[in-house]
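The block underneath contains the structure these notes are about, expressed in structure tokens.
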Amino acid sequence: GDGIDNFWKVLEEGKNCTVEIPSERFNVKEWYDPDDNKPGKICTTQAALLNEFNSFDNHLFGINNMEAERMDPQQKLLIECTYKALEDAGVPVEAVSGTKTGVFVGLMNRDYEIVTSRAVSEINHYDGTGTAMSITANRVSFTFNLTGPSLAIDTACSSFLFALHYALRAIKSGDCEAAICGGVNCIIDPRTFVSLSKAKMISPEGISKPFSKKADGYGRGEGCGVVFLKPLKKVRLLTKQSKIRLVAYLNFVSSSLRMIFPEKTFQFEFKINEALIKYLCTSPTI
């Protein structure tokens, strides 16, 4: 669903957003085989995809056509969703410009980099920034003139949760006065599907069925979500009351999950409330 209200409606109705992967992403017929043991093949033709793909009003954000053409769609989505998040919060873009606002982005997909690297003759001077995961956060900071910390975080399926964790810590420690925190994923290359098919992790139907005997893997999806974070006491002091969607407080408790999930001995002792883990991480799609 495009926008908070539509997204909430999808959740309320339990709508299945899985569709046949269109040819604009990749040629499914060339890659698909129901036998997931076949080398170089994928076991599904479905995924949950955005209706409008790679549509971007680059001139609104001062980006020329040549640069926009060589930008990862994930960068474009984050810029658009940041703009919408500020708008939804009632915060003018001009009001955050020059402020000590941090940007914390969670992402793991490198599809665009894989696709563009194959066409060597088309690579130009914009590819370095257009494909780098580190630039994903920096692009948002630059576009909106934000002067706080700016970093992209890849911890696989938990990337956004880690980004949120560090955004809240940065605000609390005074590293920034507010933060843009987001997560993004775009599916445009079949190679990840191949790997996951071989690992028996992908559902042939492209649908996750948590807690069901019919569960046969998980369904991949794409999208982008951005939140604007600010200390509650500062929000209340604003002359014009901002719209408050969520009061965030994370109390982390260890959870012994497999390596593909945050674990008590994995990387950092990043601790998430047991109920929150079970609610959010019932499949590796979060």
Pull up the range 135-165, narrow it to residues that are polar (S, T, N, Q) and within 20 Å of ASP189 (Cβ to Cβ), then point me to the one that is nearest to the chain's Cα centre (by Cα). SER159
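ALA68 - would you say it is within 20 Å of LEU196 (Cα to Cα) and aliphatic (A, V, I, L, M)?
Values: within 20 Å of LEU196 (Cα to Cα): no; aliphatic (A, V, I, L, M): yes.
So ALA68 fails the test.
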Of all residues in the range 76-132 being under 23 Å from ASN27 (Cβ atoms) and among the polar types (S, T, N, Q), which is most open to solvent (accessible area, probe 1.4 Å)? SER121
Looking only at the range 1-15, filter to residues that are more than 22 Å from ASN54 (Cα to Cα) and in a loop (DSSP other than H, G, I, E, B); which one of those is least open to solvent (accessible area, probe 1.4 Å)? GLY14
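Residue by residue, here is whether (1) at pLDDT 95 or above; (2) on the phi > 0 side of the Ramachandran plot; (3) part of a loop (DSSP other than H, G, I, E, B) holds:
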site: SER55; (1), (2), (3): no, no, yes
site: ILE63; (1), (2), (3): yes, no, yes
site: MET66; (1), (2), (3): yes, no, no
site: LYS76; (1), (2), (3): yes, no, no
site: ILE79; (1), (2), (3): yes, no, no
site: TYR83; (1), (2), (3): yes, no, no
site: GLY102; (1), (2), (3): yes, no, no
Residue tally, condition open to solvent by 20 Å² or more (accessible area, probe 1.4 Å) and touching a strand residue (DSSP E or B) at 6+ places or on another chain (Cβ under 8 Å), over the range 162-180: 6
Quickly run through the range 79-104 and pick out the residues that are charged (D, E, K, R), over 15 Å from ILE171 (Cβ atoms) and in contact (Cβ under 8 Å) with a residue 24 or more places away in the chain. GLU80, LYS84, ASP88
Any hit, the range 25-45, residues being open to solvent by 30 Å² or more (accessible area, probe 1.4 Å) and part of a strand (DSSP E or B): yes
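Within the range 134-167, restricting attention to residues that are of a type in the set (Val, Ile, Thr) and in a strand (DSSP E or B), which residue is nearest to GLY98 (Cα to Cα)?
Pass one, the range 134-167, residues of a type in the set (Val, Ile, Thr): 135-136, 140, 143, 147, 153, 155.
Filter once more, so that each one left must be in a strand (DSSP E or B): 153, 155.
Values: ILE153: 23, THR155: 30 Å.
Of everything passing the filter in the range 134-167, ILE153 is nearest to GLY98 (Cα to Cα).
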Could you say which residue among THR136, THR155, THR192 is touching a residue at least 12 places away in the same chain (Cβ under 8 Å), under 23 Å from GLU69 (Cβ atoms) and β-branched (Val, Ile, Thr)? THR136
Please specify each residue of the range 85-100 satisfying the condition of being touching a Lys or Arg at 6+ places or on another chain (Cβ under 8 Å) and part of a helix (DSSP H, G or I). ASP88
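The values are calculated or read from the model by the stated rules, or taken from the named source; none is laboratory data. All values reported here derive from a predicted model rather than from experimental measurement. A quick note on method: Cβ atoms are made from the backbone with ideal geometry, for glycine too, and the neighbour counts reach across all protein chains shown. All accessible areas refer to the heavy atoms of the entire protein, side chains included, with ligands and DNA or RNA removed. Shrake-Rupley method; radii C 1.70, N 1.55, O 1.52, S 1.80 Å.
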